[in-house]
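The structure appears below as structure tokens.
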Amino acid sequence: MIDSAGFSLSDEQQALYDAIETTREHIFVTGRAGTGKSTLLNHLSWNTSKQLVICAPTGVAALNVGGQTIHSLFRLPIGVIADHEIEQTADVRKLLNTIETLVIDEVSMVNADLLDAIDRALRQARQRPFEAFGGVQVVLFGDPYQLAPVPGDADERAYFTDQYRSMWFFDAKVWNDADLRIYELSVIHRQHEEEFKDMLNAVRHGVVTAEIAQRLNETGARPAPTDGAITLATRNDTVNSINARSLAALPGRTLTARASITGDFGGRAFPADDALELKVGARVMFLRNDADQRWVNGSVGTVTRITSTVFVEIDGTEHEVQPAVWEKFKYSYSPVTKELKRDIVAEFQQFPLRLAWAVTIHKSQGKTYDRAIVDLGQRSFAPGQTYVALSRITELDGLYLSRDLRPSDIIVDDDVRRFMEKAQAIPAIRA
């Protein structure tokens, strides 16, 4: 089946869509990198017959899925909410009463306290104090092996230690009252070599053998290409330095494209640079899929001309790139139609480009590259970070390493391992 955005679902994606659409079960959609979680979510957004609301833990994540941040949607305070009273206006109560299905994207970044606050807010607004999520179907998307919740200050960490088994969403107390069905998408669309898929799976689960490490390191030890390969680095300062140095080395004048921002974008959680500096010859990465399928989110090219628009060459073909508009949405309840409305409250217009000699591993999330230089710096410092970096690349021959991988680079969170191993034991309906 092909949706309105031109995406075709695989058999397992279609089966999972049907499970979401035809049941009221709480569902966690997970799967290795490149299995099409985002494609499925996009299809669900376009095609569902349910009163569906999409939210995400960060502003950029919410923009990417055409949703609203969790805190904005539920009007929740920032920080640990614990047992504090949740204040709700009449409008918020009406809105929350209209939801049939709540989708939370990038749920691995949502901590247990926030998920419990969502549960409390829905029970309170819908006046169903003894029903998990107030009777709303909750569908979660994410991969705990890739992104983790961000720990707060010492007091917040102490609170979680005292109140929860872990910070992770799957240890929220609401799951004592609700069953969570776990569906793991298994068909990888990004990589096609079985050997590389097996290696990535080993990195994901932290079971890298000496043979796998040797194969990755031997492949990655080749001299890095001087053209076309993006560097994926752990640190912002490394990325900024590589991009600034590479741009400065090009001849000619730097031109700056300034974003047009209307409405309240709330802080600086912009989906692209508000001041984009470019030169002819600059290597750039696309930040959006093209409606005419000339490029996809993550495509890398070279700037060839700059006029009122930007011309970028990709694989020998020059394309004219127009500014794109990102819309910030806010859900509301319409008393006239008695349905949910999704209103545009702000717009951000900018060329959908970013300098692409380098990008942080975190910002490479969801992107696909034919080849990349993985720079883990002194060490990989976050669980899943090495897996995210390696799994962006489509084939083993596209991997270049700034240094050999070490056992300490392969970090898997013990709580994630516990949850996902338990999940494998559950006789869940498989997509």
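In a simple Cβ point-charge model (Lys, Arg +1; Asp, Glu -1; nothing else charged), the chain has a dipole of about 660 debye relative to its Cα centre. Distance distribution note for segment 93-182: the fraction of Cα pairs above 17 angstrom is 50%. The C-alpha atoms of the chain define a longest principal axis, and helix 210-220 lies at about 50 degrees to it. Label-to-label distance, Gln88 versus Ser402, with points set 7 angstrom from Cα along the beta-carbon direction: 4.8 nm. Scanning residues 5 or more positions from Leu185 or on other chains, those with amide H under 5 Å from its amide H are Thr30, Gly31, with H placed 1.01 Å from N in the peptide plane.
For the chain, what is the calculated [θ] at 222 nm in deg cm²/dmol (nearest 500), taking -39500 (n - 2.57) for each run of four or more DSSP H residues and dividing by its residue count? Don't jump to the answer; show the numbers that get you there.
Values: 12 runs with 123 residues, N = 431.
The helix-only estimate for the chain comes to -8500 deg cm²/dmol at 222 nm.
For the chain, the longest principal axis of the Cα atoms and the long axis of helix 11-22 meet at an angle of about 30 degrees.
Could you tell me the ratio Rg/Rh of segment 318-431? Both radii from Cα atoms, Rh via Kirkwood.
1.12
In this structure, the amide hydrogen of Glu106, modeled 1.01 Å from its nitrogen in the peptide plane, lies closer than 5 angstrom to those of Phe141, counting only residues at least 5 positions away or on a different chain. Choose one of Gly228, Asn289, Phe196: the residue whose Cα lies farthest towards the positive end of the charge dipole of segment 174-299 (beta-carbon charges +1 Lys, Arg; -1 Asp, Glu; about the Cα centre). My answer, from the dipole projection, is Gly228. Peptides 82-95, 141-154 ranked from most to least packed give 141-154, 82-95, packing being the mean of other C-beta atoms within 10 angstrom over each peptide's residues. Since only Ser408, Ile86, Ile118 are under comparison, the one whose Cα sits farthest along the positive direction of the charge dipole of the chain, derived from C-beta charges on Lys, Arg, Asp and Glu, is Ile86.
Close amide H contacts of Tyr369 (hydrogens built in the peptide plane, cut-off under 5 Å, sequence separation of 5 or more or a different chain): Ile393, Thr394.
Gain on full extension, evaluated as 0.36 nm per residue between Asp198 and Ala346 minus their Cα-Cα distance, stands at 48.9 nm. Three principal axis extents describe the C-alpha atoms of the chain; from largest down they are 64, 53, 47 Å.
Give me the angle, in degrees from 0 to 90, between the Cα long axis of helix 194-205 and the longest principal axis of the Cα atoms of the chain, rounded to the nearest 10. Between helix and principal axis, roughly 50 degrees. Note on Asp162 and Asp274: the extension gain reaches 36.2 nm, defined as 0.36 nm multiplied by sequence separation minus the Cα-Cα distance.
Ordering Leu76, Asn243, Gln378 by Cα displacement along the dipole of the chain toward the positive end leaves Asn243 in first place; charges were set at the Cβ atoms of Lys, Arg (+1) and Asp, Glu (-1). What you get for segment 167-263, charging only the Cβ of Lys and Arg (+1) and of Asp and Glu (-1), is a dipole of about 660 debye around the Cα centre.
Bear in mind these aren't lab numbers, they're just calculated from the coordinates by the rules spelled out. Only a predicted model underlies this, so the values are computations on that prediction, with no experimental measurement involved. FYI the Cβ positions are ideal-geometry reconstructions off the backbone, even for glycines, and counts take in every protein chain you see.
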